[in-house]
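A.B. asks: Once you've had a glance at the structure underneath, I'll fire off some questions.
What follows is calculated from the coordinates using simple rules that are stated; it is not laboratory data. None of the values given here were measured: they were computed from a predicted structure. FYI the Cβ positions are ideal-geometry reconstructions off the backbone, even for glycines, and counts take in every protein chain you see.
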Amino acid sequence: MATTAPGREEALKLLKEYTETDQLLKHAYAVEAVMRYFARKYGEDEEKWGVIGLVHDLDYEKYPDQHCSKTKEILEANGWPDEYVRAVISHGFGMCSDVEPQSRLEKTLYAIDELTGLVAASALVRPSKSVLDLNAKSVMKKWKSPAFAAGVDRSVIVKGSEMLGVDVPALVEDTIMGMREAAKEIGLKGQV
């Protein structure tokens, strides 16, 4: 049952109700920042894209075995619009959801979710520990080492970039740019 579109304040309150882990909160903020960056780049609704990015892993800490399906229940119970719920659920396509990303928003969320983890890990091994001086070339060097950030599913990033019709280095560059906007909030301002 669709209702009015939620804003950041409402989304943040809901996120903090279900998520306490600092690392998961930082991941949510990183995905939000990158989604907002892409929304501006594509001329889309920045608030909508950001809010969806912010709550995409809403259920992950408390219900990891029900990831995506529990978020669907929570968002629907809170009267979130169907379009928002679908977008959030689609980021787990092929892993914990059978909802295939269709819209540009959904494809972007799918593509950048895992990628923010790789970018963050790449920033943290730099002397500066910052995303502010990180470039796509450095991330792509780390990409080639399967042992580096081994939990990041690179095949999802590749599939997402193909869905969007962009190459992986370009997607990495845009993801870095989005994460820079929240560098302090996500703990990646470092010593630049």
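A.B. asks: Mind checking the log10 I(q)/I(0) for the chain at q = 0.14, 0.16, 0.18 Å⁻¹? Debye, one equal scatterer per Cα, no solvent, two decimals.
C.D. replies: Once normalised to I(0) and log-transformed, intensities are -0.73, -0.96, -1.23.
A.B. asks: While we're here: Roughly how many Å is it from the Cα centre of segment 149-168 to that of segment 5-54, as a whole number?
C.D. replies: If you average the Cα positions of each part, the centres end up 20 Å apart.
A.B. asks: Then there is this: According to a simple spin-label model (label point 7 Å from Cα along Cα-to-Cβ), what is the distance in nm between residue 154 and residue 21?
C.D. replies: In this crude spin-label approximation the distance works out to 2.4 nm.
A.B. asks: How high is the relative contact order of the chain, given as a whole-number percent (alpha carbon pairs under 8 Å, six or more residues apart)?
C.D. replies: Worked out over the chain, it gives 24 percent.
A.B. asks: Okay, next question. When the helices in the chain are scored as -39500 (n - 2.57) per DSSP H run of 4 or longer and the sum is shared across all residues, what 222 nm value do you end up with, to the nearest 500 deg cm²/dmol?
C.D. replies: -18500 deg cm²/dmol
A.B. asks: Using the Cα centre as the reference, give the magnitude of the dipole from point charges on the C-beta atoms of segment 8-180 (Lys, Arg: +1; Asp, Glu: -1; all else neutral), rounded to the nearest 20 debye.
C.D. replies: 880 debye
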